[in-house]
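> Just dropping this structure here.
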Amino acid sequence: MGEKKFQNIDYYFWGLFIIYSNPGGILNALGLIGSEGGSITIRDLIFFLLVGCFVVMYLNFKVNSTLYNKAIKYLVIFLLYYFIVFGYFTPILKLNEGHSFLFFLKKTRTTIYSILLFIMIYHFFVRSNVLFFRMLFVSSIFILILFIATIITGIEILPLDTLNRGFTKTKRIFLKSYGYMPLLIPIGAVVIVFFKKKFAWKNIVLIAFGLMFLGWLLSITRRHIIGTIIYLFLCLTVLNYFQHKALISVKKLFTVLIYVVGIGFLISLTFPKYIQATTLALEESISVVESGKSSSGGKDARMGFGKEFMQDLIKENLYFGTGFDNRWRTKEGDEQGYEAADYPLLGAIAMTGIFGLISFLPVYILLVRSLIFDLQYFRNHKNVNYHSLEFFSLIVFIIYFMYEMIQYMNWFSPVSLSGRSSWYVYLAMYFASRQLFYSSQSKQIKYA
């Protein structure tokens, strides 16, 4: 698997791409970047180097795909709305304080980067997805080992952020940036459930998965810890669906539990208090889900329709949103209630209005149609090679987007958090994986 030889341009692109994502805050550690705050940084230079790689590659390699062409058309429609209505007309009509179009362009240039990354990643992933996975695994393991070494030795090899998790009485530890390392979780879940044998990358994937899961435990971030378990159960359910079996298999469930318990036991030997803190955090989550309140009696607005401030913003700006307002991007604005990061769906409605969501809706429809087609295809075709790289690549992103879609509070996050490029990157990888998989099945197959 993966014996294909790659050209230098592929190595340059994927290497720069991983550095651009700043995994582990390596750019911060090297003193190349501080608190970005919308200012021009080294990442802007790296992005333009990525564009240069793409231009060189595109002169000799083009992909013809109906799905890709549709996606580009729909993304351009959203981009036009974002810059013309959200960034220009609405702020002027609402007399948003301190607004200027040049200021808007500077602060939101990463939205343009997200769309351009979709284009570039699609082409390079079709060319050299094997190389991407290899570089992701190796770089992630290296970064996560440095992360653990930083914690154990106390020497600041990588810059860390810390925060007290009050009810657990344990310090939360975060990397400055995780880059695309969180993708290791769905990758690991897929390998555990779908690839029992004949998978060359299995050991390195499991190591990377375990290290990333340890990272989530050290951060005591409940949604990521629970999300890891959900990914595993989602993989089990999907595999059983493909095989026309009961959606929950006791035997396979037991296998997954062994993996979870085994990883937990190994981690407990080194970081026992974080296992205890995680247990308390999960108990707190159960309390919130059951009653809508924490153990201390406080409400968690994320389980409902958000805070009243967000609801009032939506009522006052229902059709065209607030337009660009820099308070959506600052710590001060976050303290006032402009919390798009915690409430992506509500943030999307409040920021761009109903018409803003409509401008992005075709992209979502294209995504959902593709997911439905793929799930039905695997269920109806028994001759699929479940050990192929093409299947591995495709099922990873099917599982990823299924997980994203079941979280209603995160719908339209690529609208409210459009500067965070990961959603667009993974969409490009998903569509490119479809191109590779169905091409490998039969050139006669017509797919959505």
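The values are calculated or read from the model by the stated rules, or taken from the named source; none is laboratory data. Every value quoted in this text rests on a predicted model; they were computed, and no experiment measured them. Virtual Cβ from ideal backbone geometry, glycine too; neighbours counted across all protein chains shown. When the accessible area is computed, the model is the full protein with side chains, heavy atoms only, and any ligands, DNA or RNA have been set aside. Shrake-Rupley method; radii C 1.70, N 1.55, O 1.52, S 1.80 Å.
> Since ILE358 meets every condition but one in (1) open to solvent by less than 70 Å² (accessible area, probe 1.4 Å); (2) part of a helix (DSSP H, G or I), which condition does it not meet?
(1)
> Go through (1) open to solvent by less than 40 Å² (accessible area, probe 1.4 Å); (2) within 21 Å of MET135 (Cβ to Cβ) one by one and return the number of the condition TYR68 breaks.
(2)
> Are any residues in segment 123-154 among the basic types (Lys, Arg) and surrounded by fewer than 18 Cβ atoms within 10 Å (Cβ to Cβ), and if so, which ones?
The answer is ARG134, and nothing else.
> Right, next: Hey, can you tell me all the residues within segment 9-18 that are open to solvent by 10 Å² or more (accessible area, probe 1.4 Å) and farther than 10 Å from TYR180 by Cα?
Selection gives ILE9, TYR11, TYR12, GLY15, LEU16.
> Follow-up question, since we're still on this one. Specify the residue that is modelled with the lowest pLDDT; the eligible residues are those in segment 437-448 that are surrounded by fewer than 21 Cβ atoms within 10 Å (Cβ to Cβ) and among the hydrophobic types (A, V, I, L, M, F, W, C).
Step by step, filter segment 437-448, then rank; the result is ALA448.
> Being in a helix (DSSP H, G or I) and more than 22 Å from TYR88 (Cα to Cα) is the filter here; which residues of segment 323-343 pass it?
Once the filter is applied, which keeps residues that are in a helix (DSSP H, G or I) and more than 22 Å from TYR88 (Cα to Cα), segment 323-343 yields LYS331, GLU332, ASP334, GLU335, GLN336.
> Let me ask you something else. Please determine, by comparing only the residues of segment 59-76 that are over 25 Å from the mean Cα position of the chain (by Cα) and of a type in the set (S, T, N, Q), which one is modelled with the highest pLDDT.
ASN60
> Every residue in segment 203-228 that is under 24 Å from LEU389 (Cα atoms) and open to solvent by 40 Å² or more (accessible area, probe 1.4 Å), please.
ASN203, ILE204, LEU206, ILE207
> Would you please list the contacts, defined by Cβ atoms under 7 Å and residues six or more apart or on different chains, that run from a residue in segment 332-346 that is exposed (fewer than 15 other Cβ atoms within 10 Å of the Cβ) to a residue that is not hydrophobic (A, V, I, L, M, F, W, C)?
GLN336/ARG327; ASP342/ARG302
> Test each condition in (1) polar (S, T, N, Q); (2) under 22 Å from LYS202 (Cα atoms); (3) crowded, with 17+ Cβ neighbours inside 10 Å for ASN385 and report the one that comes out false.
All conditions pass for ASN385, except number (3).
> Restricting attention to segment 182-202, which residues are open to solvent by 10 Å² or more (accessible area, probe 1.4 Å) and assigned to a helix (DSSP H, G or I)?
PRO182, PHE194, LYS202
> Something else: Starting from segment 225-246, take each residue that is farther than 19 Å from GLN407 by Cβ and list its partners that are in a helix (DSSP H, G or I) and open to solvent by 60 Å² or more (accessible area, probe 1.4 Å), counting only C-beta distances under 8 angstrom and pairs at least six apart or across chains.
Matching pairs, first to second residue: TYR241/ARG379; PHE242/ARG379; HIS244/ARG379.
> Select from segment 389-434 the residues that are part of a helix (DSSP H, G or I), polar (S, T, N, Q) and crowded, with 21+ Cβ neighbours inside 10 Å and list them in ascending order.
SER393, SER413, SER416, SER433
> Can I ask one more? Does LYS62 fit the bill of being out of contact with any Leu (no Cβ under 7 Å at 6 or more places or on another chain), open to solvent by 80 Å² or more (accessible area, probe 1.4 Å) and within 17 Å of PRO414 (Cβ to Cβ)?
So LYS62 does not fit the description; no.
> Hey, any hits in segment 202-221 for a residue that's out of contact with any Pro (no Cβ under 7 Å at 6 or more places or on another chain), touching a residue at least 40 places away in the same chain (Cβ under 8 Å) and over 28 Å from MET135 (Cα atoms)?
Within segment 202-221, none of the residues are out of contact with any Pro (no Cβ under 7 Å at 6 or more places or on another chain), touching a residue at least 40 places away in the same chain (Cβ under 8 Å) and over 28 Å from MET135 (Cα atoms).
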